[in-house]
Amino acid sequence: MNSNEKITIHDIANRAHVSISTVSRVLNNNGNVRKEKRDAVLQVISDMNYKPNMFAQGLASGQSKTIGVLTQRINGPVYNAILLGILQGIEGSGYLSLFADGNWDQATELIALEKFIERKVDGLIIIGGKTKPELLKEFSEKVPLIIVGRDVPGLQDQCLRLNDFQGGYDATQYLINSGHRQIAHISGLLTHPDAGERLNGYLKALEDADIPANPDLIVDGDYNEASGTIAVEMLLMRGHVFSAIFTANDQMAYGARLALHRRGLRIPEDISIIGFDDQATSAYMIPPLSTVRFPAMEMGISAGKAILNFINKKAFDLPIFQPNLVIRESITRH
């Protein structure tokens with residue numbers, strides 16, 4: 001028989017000369033079944049080309065075997081790397097991931113989360129986002145929940161994040177140690193916690209080096225290349241001298257480089273620059289971009305493994321990932 005719709009566990013039980021409950025235990029891989037009976041059932045399943053109805057099995061077991069993943073701007077390189085890590089983390093588990101893009105919009109995120117709950121997902125992974133902490137707590141009471149890239153009060157044990165403050169500090173300190181004193185910063189969207197922490201790290205490194213922070217050397221960006229170009233134009237229009245730029249991500253560094261090129265300024269001879277993320281293309285920028293490595297893939301893998309343990313009521317540990325400097329040719333001593 002090749003038509004799966006015509007095959008039931010009753011048919012398998014009759015063919016294998018066992019009870020329906022025995023077939024069920026074999027299909028769900030639980031309970032003690034004698035080897036000869038298990039082998040008989042598996043042989044009939046193979047002969048009849050039977051594929052179990054996962055939805056029906058989910059109803060019976062109380063599990064849908066799905067994990068909802070809410071990301072932000074799914075085409076972004078960092079978010080894409082986290083998603084690939086999650087897929088790797090749950091590989092071989094029998095769970096399927098369902099993806100939704102919140103696009104950094106509270107209303108969109110809430111709709112996606114409610115749809116996940118309606119579809120009876122067994123767990124949720126939320127990457128970044130603007131959903132309020134009190135709402136996240138409500139969802140955590142309904143389903144196992146792991147949060148990536150945020151530190152949510154009351155849910156710290158379920159949060160997986162990068163030490164963005166340290167990354168911002170290390171990037172700025174490296175520029176200072178290279179002799180730079182007038183260091184500009186192009187921030188990410190300051191409504192994003194990671195952007196705020198990277199800015200705070202930049203300010204603290206200046207403070208520790210007894211370098212007064214100049215507000216005119218800080219320009220808001222939005223994590224996209226165009227905002228890096230516009231930010232450099234604004235810095236140059238203000239007329240303040242600077243010898244280095246720390247951008248809150250690599251994409252804005254690409255845009256900054258374009259603006260400097262148009263003005264006839266060379267990297268690193270005239271202006272040194274360091275980014276954040278260590279995107280794959282950064283090593284091929286001219287000159288290759290110094291940056292802070294964001295272990296996005298590793299964080300995704302950790303989140304995937306953690307949600308599986310959470311669903312199955314096993315212990316899990318969510319470390320705070322530490323950034324690493326990747327120094328290339330975009331910085332010179334000043």
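Which percent of the accessible area of the chain is formed by carbon and sulfur heavy atoms (probe 1.4 angstrom)?
Numbers: 8430 of 16420 Å².
Here it works out to 51 percent.
Tell me the mean residue ellipticity at 222 nm calculated for the chain from its helices only (DSSP H runs of n ≥ 4, each -39500 (n - 2.57), averaged over every residue, nearest 500).
Computed mean residue ellipticity for the chain: -13500 deg cm²/dmol.
Using the Cα gyration tensor of segment 152-195, with a ≥ b ≥ c the square roots of its eigenvalues, what is the shape: rounded (a/c below 1.5), prolate (a/b larger than b/c) or oblate (neither)? Display every interim value, and only then the final one.
Values: a/c = 5.08, a/b = 2.17, b/c = 2.34.
Note, shape of segment 152-195 comes out oblate.
For segment 221-249 and segment 191-215, what is the centre-to-centre distance using only Cα atoms, to the nearest Å?
15
Dimensions of the chain along principal axes (Cα, Å, largest first)?
Projected onto its principal axes, the Cα set of the chain covers 86, 39, 30 Å.
Would you mind getting me the FRET efficiency between residue 134 and residue 226? Use the beta-carbon distance for r and R0 = 41 Å, nearest 0.05.
So the FRET efficiency works out to roughly 0.75.
Within a Cβ distance under 11 Å of residue 163, other residues only, what is the Lys/Arg minus Asp/Glu net charge? Before the final figure, lay out the partial values.
Working: positive: 161, 198; negative: 151, 164, 170, 194, 197.
Computed value for this residue: -3.
Of 280, 100, 184, which has the largest mean-square fluctuation in a 10 Å C-alpha GNM of the chain?
280
Give the peptides 145-156, 297-308, 323-334 in descending order of average Cβ contacts within 10 Å, highest first.
Details: 145-156: 19.2, 297-308: 23.0, 323-334: 16.8.
Result, highest mean Cβ count within 10 Å first: 297-308, 145-156, 323-334.
Sequence gap at least 6, Cα distance under 8 Å: using those rules, report the relative contact order of the chain to the nearest whole percent.
17
Restricting to bridges with both residues inside the chain, how much of the DSSP beta-bridge set is antiparallel, in percent to the nearest 5?
10
Given the protein chains as shown and a 1.4 Å probe, how many square angstrom of residue 66 are accessible, to the nearest 10?
Here the residue's solvent-accessible area equals roughly 20 Å².
The values are calculated or read from the model by the stated rules, or taken from the named source; none is laboratory data. Since this is a predicted model, take the numbers as computed values, not measurements. As a convention, Cβ positions derive from the backbone with ideal geometry for all residues, glycine included, and neighbour counts pool all protein chains shown. Keep in mind that these areas ignore ligands, DNA and RNA; they rest on the heavy atoms of the full protein, side chains included. Shrake-Rupley method; radii C 1.70, N 1.55, O 1.52, S 1.80 Å.
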